[in-house]
Amino acid sequence: MKVSSLKLVDYRNYEKLELKFYDDLNIFIGCNAQGKTNILEAVYYAACGSSFRSSTDSELVRWNAPGGSISLGFQRFGVENQLDFTFYRDKRRTISYNGRKISVKELIGAVNVVLFAPDDLQLIKGAPAGRRRFLDMEISQASPAYYHELIKYNRLLQQRNSLLKEIRERRAGRDMLEYWNPQLAESAAKITAKRLEAVKKFNMLANLMQKRISGNEENLSIAYQIKGSENEPIAGNLKIWYNEMLTRSGEEDVYRGVTGIGPHRDDIIISVNGINLRSFGSQGQQRTGVLAMKLSELEFIRSETGEYPILLLDDVMSELDAGRRQQLLSFIGREGIQTLITATDEAYFDMQSVGRYFRVAAGSVAGAGYGKADG
């Protein structure tokens, strides 16, 4: 998979921008707040239907403009395709795929990307929600059916939570839970089964990457932790187990007004040589673990879809030491992964003989060519 072109109109600080991408490294050099990350954000938005920096489309529109647009050209298995997004400050956006209007549900999986940004260094030591989001995003890109199930589960969860509050306020009877529990249990079982399958593959791939980065000195393991299973082991069918657990926790759920069991409460445990990285890992081990997981994302999506995704590296070179930078760039160069990189310092790429450099300044992008960007 390759992205071939990007056109932005009234997007962030770009009044108009047209770019042609190269199949290898596309390196965007410039000072902070010049528009480098906006380019990566636009590609990510086209793939995922949302920004990794903003929760509303109105924030993407250039100052004083009524609306903006993104057009992304990309190749999938050698076939050229195009995605077009138009968004406004005061009405809903539109999405077109090869000229046909589509919904976000139809968008997911059209373009696959892996993003590595400074915030991802919190993947290991941050809250469980970040690790769940990491897992859900990668599975969804490889399996749109999983994304649809996730939407269904979240809708059922919201409805059950609303019912719990009504029961607590004596505006509904507890017997109503008997209607919602089986539906939530069925959806939860499907999501958990897919996550368990994915984590098994991630565990193998991430460990291979960890060994490569650490010189075979470290073994990384990833385990999926199902909320409630530590006290009530899962003996058989996941759907039956979830239904039983939802029934048992009914009284406590009513008291709290939220559902305490389900995939929305699960976590991923990441360990190196048997040591929990979140609790006891050194900063160096945590950074290596995150890098290994990001590289395993690339391999996971390739194994599921048949093509490597587009790799987006947003200002992470300054967060990695020289050895990890070299490992990362060597891997993506060797595997031929199309990569878009932002950086403030060209020195990070001194050892690399390939890569096209773009100079970004004040919402404009100057030229491209092999070697260092012209000053």
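The values are calculated or read from the model by the stated rules, or taken from the named source; none is laboratory data. None of the values given here were measured: they were computed from a predicted structure. A quick note on method: Cβ atoms are made from the backbone with ideal geometry, for glycine too, and the neighbour counts reach across all protein chains shown. Each accessible area value is taken on the protein alone, full model and side chains, heavy atoms only, with ligands, DNA and RNA left out. Shrake-Rupley method; radii C 1.70, N 1.55, O 1.52, S 1.80 Å.
Pick from the range 42-56 the residues that are crowded, with 22+ Cβ neighbours inside 10 Å and aromatic (F, W, Y): which of them is farthest from T94 (Cα to Cα)?
Y44
Among the residues of the range 92-106, which ones are on the phi < 0 side of the Ramachandran plot and either part of a loop (DSSP other than H, G, I, E, B) or in contact (Cβ under 8 Å) with a residue 60 or more places away in the chain (or both)?
R92, R93, I102, S103
Select from the range 303-323 the residues that are outside any loop (DSSP other than H, G, I, E, B), closer than 29 Å to L196 by Cα and over 15 Å from the mean Cα position of the chain (by Cα) and list them in ascending order.
S303, E304, T305
Could you list, in sequence order, all residues of the range 135-161 that are open to solvent by less than 20 Å² (accessible area, probe 1.4 Å) and farther than 19 Å from L184 by Cα?
Listed by number, the residues that qualify are L135, E138, I139, S140, Q141.
Among the residues of the range 1-41, which ones are over 19 Å from G333 (Cα atoms), open to solvent by 60 Å² or more (accessible area, probe 1.4 Å) and in contact with a strand residue (DSSP E or B) (Cβ under 6 Å, 6 or more places away or on another chain)?
Listed by number, the residues that qualify are K7, K16, E18, K20.
From S71, S143, grab the single residue that is modelled with pLDDT under 95 and not β-branched (V, I, T).
On inspection, the qualifying residue turns out to be S143.
Which of the residues that make up the range 107-130 are part of a loop (DSSP other than H, G, I, E, B) and either open to solvent by 20 Å² or more (accessible area, probe 1.4 Å) or of a type in the set (S, T, Y) (or both)?
A127
If a residue must be open to solvent by 20 Å² or more (accessible area, probe 1.4 Å), in contact with a Lys or Arg (Cβ under 8 Å, 6 or more places away or on another chain) and modelled with pLDDT under 85, how many such residues does the range 349-374 contain?
The first filter runs over the range 349-374 and keeps only residues open to solvent by 20 Å² or more (accessible area, probe 1.4 Å), leaving 350-354, 356, 359, 361-362, 364-372, 374.
Checking which are in contact with a Lys or Arg (Cβ under 8 Å, 6 or more places away or on another chain) leaves us with 365-370, 374.
Checking the rest, the ones that are also modelled with pLDDT under 85 come to 367-370, 374.
The qualifying residues number 5.
Among the listed residues I102, I95, which satisfies the condition of being over 18 Å from S364 (Cα atoms) and touching a Phe, Trp or Tyr at 6+ places or on another chain (Cβ under 6 Å)?
Answer to the check: I95.
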